[in-house]
Structures are given as structure tokens and as C-alpha cells.
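The values are calculated or read from the model by the stated rules, or taken from the named source; none is laboratory data. Quick caveat: nothing in here was measured; it's all calculated off a predicted structure. Cβ: placed from backbone, ideal geometry, glycine included. Neighbour counts: every protein chain shown. Ligands, DNA and RNA are excluded from the accessible area calculation, which covers all protein heavy atoms including side chains. Shrake-Rupley method; radii C 1.70, N 1.55, O 1.52, S 1.80 Å.
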Amino acid sequence: MIEIGAQVELSHPAERVWRALTDRELLGRWIAEAEMVEGVPDRLLLRTAGLPGFQADVEVEVTERQEPDLLVLACDEAGRLSEVTCDVTATTQGCRLEVREVTTHGGWSVEQQKPREQQLRQALTVRLPAILDWLAFQQVDLRQADGGMTAELPLIGVRGRAGRNPRRRRTVVVAVVAGAVLLAGTVAWVTLPPDSKPVAAPAPTATASALPTATAGRATVVSTATPSARPSRATASATTRPSRTPSAKPSLAPTSAAPPPPSAPSVTARYETESDRLFGYTGEIVVGNPGAAPVADWAVVVTLAEGTTVDDVDGANWRQDRRVITFTGAAVAAGGSQTISFDVRDSRPNAREPESCTIGGRPCAGL
């Protein structure tokens, strides 16, 4: 007696998994094309000839059926008989499916058994989850809001624009401009450097005020001309001379200092999409240590696309905060590496890779 089997955790209810196990059309999508055997109820012919581990088509007959928990099949592959048991167990996140095949007459060669088991595992872990995700997507009625949401969203935007008060908008604009002018004036006043010459500028005014006592008409002309010319030269010289000195000295300091050389990264990371499927993919991250000493304190941070979640992780500890996944693990030996594999479910049929991947704040290669 030879036994092969596989087990998979599924984020779907048992009823949906049962449908994928018993629907002839769905069987053709994830395991093999199925045809009804004419005149024989509960019997199917699976077109498995040519698949890895199979040498001929398999005739299948249902011998026990307990919906949605248990399905037992008697299989005949060119005279080699076997029994396939499908156990569905409900879990908090969905259900667990376990498939076992035991030979009852004849057997498989060593060369046939290994690829046959690999074919079963791939069907359960890759193709079946994709079909279940597709079934879940089909149950979403996209026509519920037909003519409703599509019409409402633009109207909300139009009302928002029309409802604005134009006077208030002009008032806000004027206030912003006035504020900018006031701020510019304040900055100019604050940045003016102190000088003794502008303070002494009112002196000519005092001299001019004494002249009218002697010659009133002529003194008035002289006094108004003399103060207006002399303070303007003093103010101009006072504002131009100090501006050269502060602008020259600070500009030399940053250019003379050489930037420190960048430090070599202690660990590196490379991302790769190992396999993709409908509504999901499997990602792989390789953490490498090019240094001469082990590195224990490392963390890889991955930001997933909107609407994606992580189902399973192998090779690291992980925690999730919404779309951000943080991977940590044991120390990476000097010159060694550590591989992290994680399964991602996507709400869209065409799965999307992570938006970003970093290690120690540096981007991962390959993404």
C-alpha cells in the first residue's frame, strides 16, 4: 500500500471548497478536465494522461459523500486502483482541506510517485486557492449600485464647488496676500543690521531748523533739500556694506567641509516574486550578510498594495500593521543569507507586487 497526501489552509468557507471539489467544470480548472461517464451516475473520467505522475486517464466514482465535510472517491487508472479521501474541516479563518490517496490494487513506481505527489501539492496550494478566490469574486454583485453611486459621486463634487462663497474666497485671497506682504516687511525690518550712521541722520534736520530764523524763505528750500539727500546716501551705504560681509562668510563654511563617506550596509535584501497566480502570489526575500561578523538585529519592512493580505510566512517571524509587514529572524551568519517566503492574497484578479521593501531603511534590490 502506497499513500500520498497534502494539506492546505484556505481562507474560504467549507461550502465554497466543497463546490470546487464536486463541480465538474471547476475540477477542470484546478485538477484536470472531467467528463461524465454515460449511463453511470456519480462517475467521472479525469483527463490526467500526460500530467506529471500519471500514465493514463483516471475513472472516478463517488463512494461516500457527507456535504460539506467528507468526500471519498474510488479511482481506476489503467487497472491500478486507489482511494482518494477529501476531508474538509472548518477553522476560524476558513477551512482546512486534507487530501490522501492510498493504493488498493497495484502501485506506482518510484519515478511516478514523486511527481504525482508534487502535482497534487501544486494543485492544492496554487490552483485551488486561485479558483476559490475567483468564486468569491463572482459572488460580488457589481451591479448593485448601477446608476446610483456612479451618478452620485460627480454630483457631490459639483455641489461642493458651487456652494463656495465667492466673496469669502476673495477675502481669503486678499488676507493671504496681505499676510505675505506684512511678513516680507517684517523680515526686511528684522534683517537690517544695526549701524551708527542711520541713527545720526536726523542731525541735518536740526541744522536746517535753525536757518529759518535768519532767512526764512531761502532756509526753507535749503533745509528740505539737504536732509533728503544726505540720509539717502547713508542709508544706501549702510544697507549695502553689511550685506556683503554676512553673505560671504557663511557660504564658505559649508563648501569647505567634505561630506562623510557613506557607511557600508551591514545586511542586504533582495525581493523576488517566486510565483504568481490569479488573486495572489508568493514573494521571496533573501537577506544577506556580506560582513565578517554575524548580524542579529535586522528587520525587513514590506508595504503591500491596497487590498492585499499575507496568509502564510516561512523563514522568519512577522507582524502586520494594516498593509505594513515587518519580518525579523535569527542572526545571519557572516557571509551567509536567510530566505523568507510569504503568500499574499489580492482582492484583484491580477495580483500586485508590494509597493516597497526596505531593510534598515534602505530599499531592497529587485523591487
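For the range 268-315, which residues satisfy the criterion of being open to solvent by less than 40 Å² (accessible area, probe 1.4 Å) and out of contact with any Ser or Thr (no Cβ under 9 Å at 6 or more places or on another chain)?
Of everything in the range 268-315, those that are open to solvent by less than 40 Å² (accessible area, probe 1.4 Å) and out of contact with any Ser or Thr (no Cβ under 9 Å at 6 or more places or on another chain) turn out to be 271, 277, 304, 305, 310.
Might you let me know whether the range 20-32 holds any residue that is open to solvent by 60 Å² or more (accessible area, probe 1.4 Å), modelled with pLDDT under 90 and part of a loop (DSSP other than H, G, I, E, B)?
Let us first name the residues in the range 20-32 that are open to solvent by 60 Å² or more (accessible area, probe 1.4 Å), namely 24-25, 29.
Pick out the ones that are also modelled with pLDDT under 90 and you get 24-25, 29.
Next, from what is left, pick out any that are part of a loop (DSSP other than H, G, I, E, B): none.
No, every residue in the range 20-32 fails to be open to solvent by 60 Å² or more (accessible area, probe 1.4 Å), modelled with pLDDT under 90 and part of a loop (DSSP other than H, G, I, E, B).
Select from the range 1-18 the residues that are open to solvent by 30 Å² or more (accessible area, probe 1.4 Å) and at pLDDT 90 or above and list them in ascending order.
If we filter the range 1-18 for residues that are open to solvent by 30 Å² or more (accessible area, probe 1.4 Å), which is where we start, we get 1-3, 7, 9, 11, 13, 15-16.
Across the range 1-18, the qualifying residues are 7, 9, 11, 13, 15, 16.
Do we have any residue at all in the range 316-337 that's open to solvent by 50 Å² or more (accessible area, probe 1.4 Å), more than 17 Å from residue 269 (Cβ to Cβ), touching a residue at least 60 places away in the same chain (Cβ under 8 Å) and assigned to a strand (DSSP E or B)?
The answer is no, given that none of the residues of the range 316-337 is open to solvent by 50 Å² or more (accessible area, probe 1.4 Å), more than 17 Å from residue 269 (Cβ to Cβ), touching a residue at least 60 places away in the same chain (Cβ under 8 Å) and assigned to a strand (DSSP E or B).
Name the residue, out of 62, 72, that is part of a strand (DSSP E or B), surrounded by fewer than 17 Cβ atoms within 10 Å (Cβ to Cβ), at pLDDT below 90 and in contact with a strand residue (DSSP E or B) (Cβ under 8 Å, 6 or more places away or on another chain).
Working: 72 fails: at pLDDT below 90.
Within the list 62, 72, the selection yields 62.
What are the residues in the range 252-292 that are of a type in the set (A, V, I, L, M, F, W, C), within 30 Å of residue 311 (Cα to Cα) and modelled with pLDDT under 90, if any? If you could, list the steps in order and put the result at the bottom.
Taking the range 252-292 and keeping what is of a type in the set (A, V, I, L, M, F, W, C), we get 252-253, 257-258, 264, 267, 269, 278-279, 285-287, 292.
Next, from what is left, pick out any that are within 30 Å of residue 311 (Cα to Cα): 267, 269, 278-279, 285-287.
Once the filter is applied, which keeps residues that are of a type in the set (A, V, I, L, M, F, W, C), within 30 Å of residue 311 (Cα to Cα) and modelled with pLDDT under 90, the range 252-292 yields 278, 279.
Mind checking which residues of the range 349-367 are of a type in the set (D, E, K, R) and loosely packed, with under 15 Cβ neighbours inside 10 Å? Steps first, please.
If we filter the range 349-367 for residues that are of a type in the set (D, E, K, R), which is where we start, we get 352-353, 355, 362.
Selection gives 355, 362.
Could you figure out which of (1) of a type in the set (S, T, N, Q); (2) surrounded by 14 or more Cβ atoms within 10 Å (Cβ to Cβ); (3) touching a residue at least 24 places away in the same chain (Cβ under 8 Å) isn't true of residue 85?
(3)
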